[in-house]
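Below is one structure; the comments refer to it alone.
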Amino acid sequence: MARIAGVNIPTQKRVEIALTYIHGIGRTKASEICTKVGIPRERRVSQLTDDEVVRIRESIDREYMVEGDLRRDVAMNIKRLMDLGCYRGLRHRKGLPVRGQRTSTNARTRKGKARPITGKKKVTK
């Protein structure tokens, strides 16, 4: 099992797909890395030589911010917004959608499971 940027990438998948298991690398960056390093797209991780794995690792370390550094950077950006007290920071603090979505309905991902309102009685007709 190849270990790149602190992540064990799956051995039976194609290199381009396996690299997306690293936080901060999607399909586009993965294909970029493969072309820069000179690895064919259809090659599997189990077929890589140690030299190719080292070249991939060095390329990622040199050119991209991934995993822990990226997570820390994103967390610091959110913390900065919260400390400033700007609108986006307040939305982060309250756990509400940040980018202008409606909240009267359809905000369950950010707000969590719906809680029943106590003291409200059903009206029967």
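Couple of notes before you dig in:
- For the chain, with +1 on Lys and Arg beta carbons and -1 on Asp and Glu, the positive-most of P116, V37, Y87 along the dipole: P116
- Hydrodynamic radius of the chain per Kirkwood, over alpha carbon pairs, in Å: 18.0 Å
- Per residue, the Cα convex hull of the range 73-125 amounts to 117 Å³.
- The GNM of the chain, with springs linking C-alpha atoms under 10 angstrom apart, assigns the highest mean-square fluctuation among S104, S31, S46 to S104.
- Solvent-accessible surface of the chain, averaged per residue with a 1.4 angstrom probe and all protein chains in place: 74 square angstrom.
- Surface composition of the chain: carbon plus sulfur atoms hold 50% of the accessible area, using a 1.4 angstrom probe and ignoring ligands, DNA and RNA.
- For the chain, with +1 on Lys and Arg beta carbons and -1 on Asp and Glu, the positive-most of Y21, M65, T103 along the dipole: T103
- For the range 56-103, relative contact order (Cα pairs under 8 Å, six or more residues apart, normalised by length) works out to 17 percent.
- What separates the Cα centres of the range 1-39 and the range 76-114 is a distance of 32 Å.
- For the chain, the longest principal axis of the alpha carbon atoms and the long axis of helix 27-37 meet at an angle near 20°.
- Residue among T105, T49, T11 with the largest mean-square fluctuation in a Gaussian network model of the chain, springs linking Cα atoms under 10 Å: T105
The values are calculated or read from the model by the stated rules, or taken from the named source; none is laboratory data. Just so it is clear, the structure is predicted and the values come from calculations on it, not from any experiment. Note that each Cβ is placed from the backbone with ideal geometry, even for glycine, and that neighbours are counted across all protein chains shown. Ligands, DNA and RNA are stripped out before the accessible areas are found, and what is left, the full protein with its side chains, is counted by its heavy atoms. Shrake-Rupley method; radii C 1.70, N 1.55, O 1.52, S 1.80 Å.
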